[in-house]
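Only the coordinates and a few stated rules stand behind these numbers; no lab work does. This is a predicted model, so every value here is computed, not measured. Because the Cβ atoms are built from the backbone with ideal geometry, glycine has one as well, and the counts that use them run over all protein chains shown.
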Amino acid sequence: MQLETLIQKRHLTPEGLLAYGISLASPESEEITEMAFSDMAIWSGCYAAAQAFRYAVTKDPIVKEQIRKLVEGLHLLQDVTGQRGLLARGVKQWNDQSPEMGREWHRGTGSLSRFQWLGDVSVDQVDGVIFGYAVAYDLVDDESLRQSIMAHVAAIADHIMDHGMTIQDVDGERTKHGDLTAGLFSEPLNALIALAVVKAAYHMTKDEKYQQQYLDLVHRQGYHKRVVRARDPWWEVFTGVNHSDNNLAFLAYYTLLQYENDPVLLSYYLKSLNRAWGVVRNEGNPLFTFVYHALSPAQNRHEQALAQAVETLRLFPVDRRNRKVVNSIEPDVCLSLRRDRFGRKQACQPVPMNRRPADVFEWKENPYRLDGGGEGNLEFSGVDYLLPYWMGRYHGYISE
């Protein structure tokens, strides 16, 4: 598979973390001049999940070894900060000649002083890491691996719980997007992510303190009711859809709904999932489509949506460089009267996958976008293909 080869060749750091974007010397060059580190956590988690699904399908021992390396990378994101349970957004080698030390870059300590790490981690990054950990824990038959995942997930949950359902950075302050409380202005989406984190910790450890915290969040603070409003916010009618939040929600749904067996709570979560699905069901998004069908009752199966999702993957371009794309001037394009949330032109219908500009992770992008890209010297990893492909294979929505 070409995209898998691409990742292993150019987008995977020696520590097992995904460099989701790399800058190249020229549009046709393979010489790497720079790697993107700022959002390593979420996309490394997604790649670990993709490989775990792949292993569950193939039982390939080489893939199993790759997963061990990827999980070590996820562990490093936590271990390098020196604060139990606190994740880094990204990690790279320390360079005494040109250290990237700013307000949010920090040097690792002790045996990890050869690294520098990026702080101010957000709930987005936690969401992706927990998703990757959870899939690997459930699907990879390696007890030592599972024990190490369990310990690191428990530490993440402890950090958030010990700081009043917030993420606290090394400076003792809450990170900019680290609020998982039930405050008046807190995001309902973050309630979904919070429950997924705590429930995953309980699923793995069976420690009742996590279940008690989970039940407190639900029964005393009403998190389950907030989850219902995790997506489909009313204001997006006026501001435009936040497609990135859709992606975060579906990752968290996959974790939370598989671990919940209380029929009352599950009914709330399924209501939330159905609301989110109602917004995206006609977009041909394979990740969202496969998550929805994996978690929903059989009677909710939508054959047309599944077919559209598979077709989207079939049309997925192997070339992941940010080449300039301009669809808005094409005569066959229907222009929507509404702009997207950034004021850009968009189409009336989702743009076919092979006509979209490449981006970091397609399923967090606007599928109606018409124009984009650049000079072609920025290359994305292709993890956005591998994750839904192997998830689809695992759940039986794709035969090959």
Ordering of 260-270, 329-339, 204-214 by burial proxy (mean other Cβ atoms within 10 Å per residue, highest first): 204-214, 260-270, 329-339
Charged-residue dipole, Cβ positions (Lys, Arg, Asp, Glu), the stretch 1-100 about Cα centre, Debye nearest 20: 500 debye
Bounding extents of the stretch 1-40 in its principal axis frame from Cα atoms, largest first in Å, are 26, 25, 15
What are the membrane-span-like helices in the chain by this rule: whole DSSP H runs, Cα extent along the axis at least 15 Å, mean Kyte-Doolittle hydropathy at least -1.0? 40-58, 61-79, 123-139, 143-162, 188-205, 243-259, 263-280, 303-314, 383-395
Per-peptide average of other Cβ atoms within 10 Å, ordering 386-395, 31-40, 17-26 highest first: 386-395, 17-26, 31-40
In the P(r) worked out for the stretch 11-88, what percent of Cα pairs fall beyond 19 Å? 44 percent
Ordered by residue, what ³J(HN,Hα) values in Hz, to whole numbers, does the stretch 9-21 give under the Karplus form 6.51 cos²θ - 1.76 cosθ + 1.60, where θ = phi - 60° and Gly and Pro are x? 7, 10, 10, 10, 6, x, 7, x, 10, 8, 7, 5, x
Dividing the Cα radius of gyration by the Kirkwood radius, what Rg/Rh value follows for the stretch 111-258? 0.98
Can you compute the helix-only [θ] at 222 nm over the chain? Use -39500 (n - 2.57) per DSSP H run of at least 4 residues, normalise by all residues, nearest 500 deg cm²/dmol. -15000 deg cm²/dmol
log₁₀ of I(q)/I(0) at q = 0.11 Å⁻¹ - the stretch 284-400, Debye sum with one point per alpha carbon: -0.40
What is the local net charge at residue 53, summed over the other residues whose Cβ is closer than 13 Å to its Cβ (Lys, Arg +1; Asp, Glu -1)? +1
Net dipole in debye of the stretch 43-86 [+1 Lys, Arg Cβ; -1 Asp, Glu Cβ; about Cα centre; nearest 20]: 100 debye
Please name whichever of 269, 112, 291 sits farthest to the positive end of the charge dipole of the chain, dipole taken about the Cα centre and charges placed at Cβ: Lys and Arg +1, Asp and Glu -1. 269
If I take R0 = 25 Å and measure r between the Cβ atoms of residue 267 and residue 186 in this structure, what FRET efficiency does the formula 1/(1 + (r/R0)^6) give, to the nearest 0.05? 0.65
Distance from a point 7 Å along Cα→Cβ of residue 84 to each backbone N in the stretch 205-226: keep the residues under 17 Å and list them by number. 205-210
Toy charge model, Lys and Arg Cβ at +1, Asp and Glu Cβ at -1: the chain dipole around Cα centroid in debye, rounded to 20, equals 820 debye
What does the highest-first list of 121-128, 302-309 look like by mean Cβ count within 10 Å? 121-128, 302-309
Counting every Cα pair in the stretch 103-149, what percent are over 13 Å apart? 67 percent
Residues residue 62 and residue 144, FRET efficiency given R0 of 22 Å [Cβ-Cβ distance, rounded to 0.05]: 0.75
If one puts a single equal scatterer on every Cα of the stretch 245-331 and applies the Debye formula without solvent, what log₁₀ I(q)/I(0) results at q = 0.11 Å⁻¹? -0.39
How long are the three semi-axes of the equivalent ellipsoid for the chain, computed from the Cα gyration tensor as the root of 5 times each eigenvalue, in whole Å, largest first? 30, 27, 21
Farthest towards the positive end of the dipole of the stretch 284-400, among 394, 363, 306 and with Cβ unit charges of +1 on Lys and Arg and -1 on Asp and Glu, lies the Cα of 363
